[in-house]
Amino acid sequence: MTLQEARLCGLLLQEHFGEVVEKVGTHLLRSGAQNLRTIVHETGTPLDLVKKSLCVLMQHGACGFSAGRRGGPGGPVQEYQASGERVLRVLRYPRYIYTAKTLYGDTGELVVEELLQRGHMTMSATVKAVADRLTLNMEEGKSMEYGEVTEAFSKLVETHFLQRCPPVSEKTPATPSSNQSGGGGGAAPAGPGGPAAAAASTAPPTPESFPDCYKVPPVRLVGRGKRRRSSDDGGGDGEQRNGKKARVETEAHGDEGIYWQVNFERFHLHFRDQAIISAVASKLDQTSSEIVRTMLRMSEVTTPPAAVCTQALSANEIFRSLPPNYSISRAILDQYLTLLVDDPMEFVGKSGDSGGGMYVVNLHRALSNLARATLESVVQERFGSRSARIFRLLLRKRHLEQKQVEDFAMIPAKEAKDMLYTLLSENLVQLQEIPKTPDHAPSRTFYLYTVNQLSTARMLLQHCYKTVANLIDRRLFETKENKRLLEKSQRIEAILASLQASGADDEQLQEVKEMITAPEEQQLEALRHHINKLDSTENQVDETIFLLESYVNSTATASR
């Protein structure tokens, strides 16, 4: 793990789970696998807090454990190891939630949000929590049926956006904190029965290795969501109601010990497909993108996640699977497929002539072209259109001498030389020496400029990590500087909500609102605008991170 990735992981852990979890998590990321005693000693953190921090990390799948190589008379010592890749997924939580909302509405959005916030939960607990939240936002007298939430949950499982946590074998040692609540930094507590151990496996379950990964158990849930009263949190009768509620929730629902988590890889495949479809739509037209969308949808079940291209599909199958509203003839479809195959971007390839022609979507080639377009865009924004022209020329021609760059790019020699040296100093362009003689004499050596797309993408990826870390730092600084004003605003909003619930008149409400002066209101508005801008920039940079990560991973898979 690089320094930029470790820094970003530390900021994400601190923001979402608190300082203690951040201290333990970053220590494990930098030091590798360690046992409990070593973690306590090297971090200087009390044993109880270290146990709770490990419990929180395992609850969210960011830490695993295994039997160490050395052990005493009682057997091998457990060693804990953090997953930096899993911590970085926290940055993409808003995108996962928004995608679930787009595909499955508010119910699907809240199901994914609950599972992301708590790491993993049973289906019955998730359905109850989501139904209660939906009921709270409904009109008085209306409530959400458990059955509707269960249906949305089942659809998410059916499309593999949710999956079961892998079972822990009996030989696997239990975590030292599996029977404790997950504390520290406001993280969700571990569920009953020690589900933290269920998330300890660092390898994500797959249908091949775990047959029941996407099997929904028969859950016995009948009823509606309940509104949480403010008096439930107080003493007296509220304590009796809480006690009664706790007893009711211990009832068996048929899914005890079966925990569910978000399948990040499935979301990533969806993001990849959407990026390819959008690129085809912007390069060609909407009909072409709909044909590519149909091909991706038809092959999403049969194509392995790391495949270089999709399974071959015949033109007849594609024609039958097109949406009904695209009433194009078979001849027009053949013309579109020919256009896609002949396009220089090569998003679609032809693999045979049977069945009217066999076609595939070149996933690796598509990601490579999208990454190339991203690199060209970065060069153009930072160094101007002429430098982008040189960069694009080197990507296409591979190796060129300085005189050839000047001639092909049609740029004066002095300007081309300055631009090449600027790109070279930023490591966006490399210089390769090819000597004619063994003495490497400059007069008898060719100097060729080239662009290594993979290494440039990796370098830009590190810049993106640094950018996101700086954005989070800035947001935390802005929040800290205006802490007093934000707390005052939250107190006033709470008072207003309480008065509105009790039926106060407009005069009382206006009096409370005037507790914030006009300058303070302007300052709050400016702060909200600034924070929203930082959040939006974070999401945009994460889109670039996802594209570059997908390209780097795809290249590693294709080269095997």
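Of note:
- Accessible area per residue, Å², the range 262-309 with all protein chains present, probe 1.4 Å: 41
- When all protein chains stay in place and ligands, DNA and RNA are ignored, the 1.4 Å accessible-area order of VAL216, VAL280, largest first, is VAL216, VAL280.
- 20 Å reach of a label modelled at THR537, 7 Å along Cα-to-Cβ, counting backbone N of the range 93-127: 93-95
- Charging the Cβ of each Asp and Glu at -1 and of each Lys and Arg at +1, and nothing else, the dipole of the range 369-498 about its Cα centre rounds to 220 debye.
- Model label sites at SER498 and LYS414, defined 7 Å from Cα along the beta-carbon direction, differ in position by 7.4 nm.
- For the range 455-502, the C-alpha radius of gyration sits at 2.01 times the compact-globule guess of 2.2 N^0.38 Å, with N the residue count.
- Gyration tensor verdict on the range 272-333 (Cα atoms; rounded if a/c is under 1.5, prolate if a/b is larger than b/c, oblate otherwise): oblate
- Efficiency of FRET between SER443 and ARG398 - r from beta-carbon atoms, R0 35 angstrom, step 0.05: 0.90
- Judged by the ratio a/c of the largest to the smallest principal axis of the C-alpha gyration tensor, the range 1-41 counts as oblate, that ratio being 1.5 or greater while a/b is no larger than b/c.
- Note on surface exposure: LEU370, LEU8, LEU49, LEU3 rank LEU3, LEU49, LEU370, LEU8 by accessible area, highest first, 1.4 Å probe.
- Area of GLU151 that stays accessible when all protein chains are in place (1.4 Å probe, Å², to 10): 100
- Ordering of 447-453, 267-273 by burial proxy (mean other Cβ atoms within 10 Å per residue, highest first): 267-273, 447-453
- Computed over the Cα atoms of the range 327-483, pair by distinct pair, the Kirkwood hydrodynamic radius stands at 19.3 angstrom.
- The range 266-370 - convex hull of the alpha-carbon atoms, volume per residue in Å³: 95
- Ellipsoid fit via the Cα gyration tensor, the range 307-361: semi-axes of 18, 13, 11 Å, each the root of five times an eigenvalue, largest first.
- Protein accessible area in the range 299-350, 1.4 Å probe - carbon and sulfur %: 58
- Rounded to the nearest whole Hz, the Karplus-based 3J(HN,Hα) values (6.51 cos²θ - 1.76 cosθ + 1.60, θ = phi - 60°) of the range 91-101 follow the sequence 4, 9, 3, x, 6, 4, 5, 5, 5, 4, 5, with x at glycine and proline.
- By accessible area, using a 1.4 Å probe on protein heavy atoms only, the range 404-507 has 54% of its surface on carbon and sulfur.
- Extension reserve of the SER354-GLU19 stretch, reckoned as 0.36 nm per residue once the Cα distance is removed: 114.5 nm
- Additional length obtainable on full extension of the chain from VAL308 to ASP212, 0.36 nm per residue less Cα span: 31.8 nm
- 5 angstrom amide H check on MET121, placed H, neighbours 5+ away: TRP260
- Sorting 111-120, 55-64 by average packing, meaning the other beta carbons within 10 Å per residue, from highest down gives 55-64, 111-120.
- Chain lengthening between LYS142 and GLN335 when straightened (0.36 nm per residue, less Cα-Cα): 64.1 nm
- With both labels modelled 7 Å from their Cα along Cα-to-Cβ, the HIS463 to GLN508 distance reads 5.8 nm.
- The calculated FRET efficiency for the pair THR422 and ALA373, based on their C-beta separation and a Förster distance of 25 Å, comes to about 0.75.
- On the beta carbon distance between ASN452 and SER385, with R0 = 25 Å, the FRET formula returns roughly 0.65.
- Here's the picture: charge each Lys and Arg Cβ at +1 and each Asp and Glu Cβ at -1 in the range 415-560, and of THR544, THR479, GLN462 the one pushed furthest to the positive end of that dipole is GLN462.
The values are calculated or read from the model by the stated rules, or taken from the named source; none is laboratory data. All values derive from a computational prediction rather than experimental measurement. A quick note on method: Cβ atoms are made from the backbone with ideal geometry, for glycine too, and the neighbour counts reach across all protein chains shown. Side chains are part of the model used for accessible areas, which takes the heavy atoms of the whole protein and leaves out ligands, DNA and RNA. Shrake-Rupley method; radii C 1.70, N 1.55, O 1.52, S 1.80 Å.
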